[in-house]
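This report refers to the structure that appears directly beneath it.
Quick note: the coordinates plus some simple rules give every number you see, no bench work behind them. Everything quoted here is computed from the prediction, not taken from an experiment. Here Cβ is always computed from backbone atoms with ideal geometry, including for glycine, and neighbour counts include all displayed protein chains.
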Amino acid sequence: MADVDFFIPAQVGRASEDVALQIEAAIIEGKIEPGKNLPSERELQGLFQTGRGVIREALRALKQKGLIEVRKGAKGGAFVKQMEVANASESLALFLKQNHIPPGQVIEFRESLDRTITTLAIARGTEAEKKGLLRKALKLEELLRQPTQDPACISELDRELNIDLAMMTGNPIFEWIMRAIQLGFSSYDYTLYDDPEYRTRTATNWTETAREILRGEPLRALGFSTQHYALLQKCIEEKNGDLLTGNALLEMEENREQQTAE
């Protein structure tokens, strides 16, 4: 168990909040490391000089934030969790879905994000990373030109390409945001892959983008990135007469996920 002599009695009137904040600060500052267990509820009562109900409420709040996990059994208790990018990404993705962010705003954000990521990837990515990106883009193009499509494989490869590109920036925040976007929406790219005409043009666009990144040509690479989102906008408008509302496209996305799972 971690040494917790840095805790002080909880403030009267906001005891559960104060307990949770003290434990949270200790975790963030590294005073209690991932994998370590907190003192028992009885011991926490003594350390914070408060009741059992207050301690339980504070632990529930910490669990909800994903900072601790509660294990049962003889060796159970509250343990500090290692924060994972996937968990944070999933939370952001669920937030986007729950708030029904309009697709036009998602697409606008993705285009702006991709422009920054592409520029940094060219400047910071290694030769090996750039060649790897081109190989995957060529593989995606090959899959998209097949007479019979494998939606699950195409979706996964597209996701990998976007995440690989974000990782090439050398900035983990870009990777985290990209994972969240990919998990939540993928910018509705599946609408391009569902249409034979747009499927081919999208495949070529990905390959040309990766090729210009390898060549170190930011302006040309950004030009292809812009074309991708212009194609996406046009494809959605042609299919639906106008850009669909967030709820309608969300329903399409959920149907697509079910078909892929099947």
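Key figures
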quantity: More than 27 Å apart - percent of Cα-Cα pairs taken over the chain; calculated: 51 percent
quantity: Global geometry of region 90-206, whether rounded, prolate or oblate, following the gyration tensor of its Cα atoms and the 1.5 cut on a/c; calculated: oblate
quantity: Signed unit charges on C-beta, dipole axis of the chain, positive-most listed residue Q105, V54, F174; calculated: V54
quantity: Helical contribution to [θ] at 222 nm, DSSP H n ≥ 4, -39,500 (n - 2.57), averaged over the chain, rounded to 500; calculated: -23000 deg cm²/dmol
quantity: Long-range amide H partners of I68 with built H, under 5 Å; calculated: K63, K81
quantity: Extension gain (nm, one decimal) between E108 and R145, 0.36 nm per residue minus Cα-Cα; calculated: 10.6 nm
quantity: Under 21 Å from K31, Cα to Cα: lysines that are on another chain or at least 8 residues apart; calculated: K63, K65, K81
quantity: GNM result for the chain, Cα springs below 10 Å: residue of G104, G13, G77 fluctuating most strongly; calculated: G13
quantity: Ranked H228, H100, criterion: other C-beta atoms within 10 Å, fewest first; calculated: H100, H228
quantity: The chain: most fluctuating residue of T116, T204, T50 per GNM, C-alpha cutoff 10 Å; calculated: T50
quantity: Listed residues L161, L138, L67, most fluctuating in the chain (Gaussian network, C-alpha, under 10 Å); calculated: L67
quantity: Aspartates and glutamates whose Cα lies under 15 Å from that of K97, excluding same-chain neighbours fewer than 8 positions away; calculated: E251, E253, E254, E257
quantity: Proximal lysines to K130, defined as alpha-carbon separation beneath 23 angstrom and excluding residues fewer than eight positions away on the same chain; calculated: K139
